[in-house]
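The values are calculated or read from the model by the stated rules, or taken from the named source; none is laboratory data. Keep in mind that this is a model prediction, so the values were computed, not measured. Because the Cβ atoms are built from the backbone with ideal geometry, glycine has one as well, and the counts that use them run over all protein chains shown. SASA here: full protein model, heavy atoms, side chains in, ligands and nucleic acids out. Shrake-Rupley method; radii C 1.70, N 1.55, O 1.52, S 1.80 Å.
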Amino acid sequence: MAKSKNNPPDSNAQYSARYLDLMSANYGSPNLAMIKGKGAYLFDSNGKKYLDFLAGIATNALGQAHPAIIKAVNEQIKKISHISNFYINPQSLQLAENLRSLFHDVEGKVFFCNSGAEANEAALKISRLSGRYQVLAAAGGFHGRTMGALSLTGQESKKAPFRPLLKDISFFTYGDIDSLKKVISKKTAMVILEPIQGENGVITPPAGYLKEVENLCRKNGAIFALDAVQTGMGRCGGWFGYESEAVEPDIVTLAKGLGGGLPIGAVLVSSKIRSFAAGEHGTTFGGNPIVSAAANAVIKTIKKEKLIDRGLKFQQLLFSQLLKFPEVKMVRGRGLLIGIVLSQPIAKEVVEELEKIGVLANSTSDEVIRIAPPLIITRREIDLFLKSFEKALKIVGKEGVS
Ligand SMILES: Cc1ncc(COP(=O)(O)O)c(C=O)c1O
């Protein structure tokens, strides 16, 4: 229906009804329509303001409407918005240069796609080029929803309706090196895991674990792949989120924060392993000039504003303040990907209260709240989050859990 000039703006409820009518039900029934954003804030269709401590699930690295992204996208769209892979696109070339300079292998290769799942699909295909086909992935891990990426995902509820999935994929216990030792062999093509398991509740493995995984891969001639889709692009104390250990993965997959809110995925492949030859893989939009321009702006801004170091500083502040709440049993994660583990199963209720107060976060289970604010977050906004969190805990504590 066309809107007349005098009609009030559509309310969240109206949007919700339209959503239920129109959209595939796979995301449930969201009840807020977001209309605009600025920095770390979002505004819904009723005009309510939210402090965004989720950032599109660790994706809007520079928040909303960042001037560097606006400028990069505007300038690029005036020149070229898309060309086929028959031609060279200088923006994606620049992005590949930027990414390779952050990778340990100066001769590595870069493949661009459009999402995290696609990046992991590509990693899976690259692993087949080794001549082996058995793949090991971590229980509880999440690698995406396409059939290959889903096959690598260690969460049964997401896989059950879609079986049979890919064969020859086995799972090991994340963080337990003995569990991997039991399944790895000279037949293993690739071991894939996240530096921190994001979707599984921000689970950080013990110090030294990733190095031990790498050593086992080297011993068995298996590809060592890290899925840095959620931990990557400056969110977890380094560019990819595994820098606390001296590892040199053969494959790193990226997406989410890379485009600062625009869709892009990437696979970094070490020169030590065989990557794609002509004709072996491809995608129409991968490395699209506009999205690549945005990603270049993201990298430049993270460097210029020293956002990685800032994230680590804010992690310390958040950890120390959050641990003061008696309701908080533990905090985990690194940089600005943090899991707040509560001593009672009230995470969903607390997230709901936060939303009412005007703060966005999410619960990955009944006990765990995940926060992943944009990297441009300020001290003032962190204080506002902490105050709101205290308030939400009080309300839920008084009301009890129904
Ligand atoms: C670690 C990890 N890998 C892969 C994916 C899938 O990414 P996408 O949703 O872009 O396909 C996600 C998404 O949450 C993720 O956290």
query = How much of residue 18 can a 1.4 Å solvent probe reach, expressed as accessible area in Å² and rounded to 10?
reply = 120
note = When the chain is treated as a Gaussian network with springs between alpha carbons less than 10 Å apart, the largest mean-square fluctuation among 354, 51, 317 is found at 317
ask   = Among 188, 253, 59, whose mean-square fluctuation peaks in a Gaussian network model of the chain (Cα, cutoff 10 Å)?
value = 188
ask   = Round to a whole number: what % of the accessible area of the range 68-304 belongs to carbon and sulfur, probe 1.4 Å?
value = 55
key: Student exercise, the chain dipole from Lys, Arg, Asp, Glu Cβ charges, in Debye to nearest 20   = 540
ask   = With every protein chain present, what is the per residue accessible area of the chain (1.4 Å probe, Å²)?
value = 47
query = With all protein chains present and a 1.4 Å probe, how do 380, 370, 132, 274 order by accessible area, largest first?
reply = 380, 274, 132, 370
inquiry  = Ordering 151, 275, 24 by accessible area with a probe of 1.4 Å, largest first, what comes out?
reply    = 24, 275, 151
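Please report, ordered by residue number, every helix of the chain (full DSSP H runs) that is 24 Å or longer along its axis going by C-alpha atoms and whose mean Kyte-Doolittle hydropathy reaches -1.0. Don't jump to the answer; show the numbers that get you there.
Working: long enough: 379-399 (30 Å, -0.37).
Helix filter hits for the chain: 379-399.
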query = Which lysines does residue 158 reach when only Cα atoms under 22 Å apart count, and residues fewer than 8 places away in its own chain are ignored?
reply = 125, 167, 256, 348
query = With every protein chain present, what accessible area does residue 66 have (1.4 Å probe, heavy atoms only), rounded to the nearest 10 Å²?
reply = 30
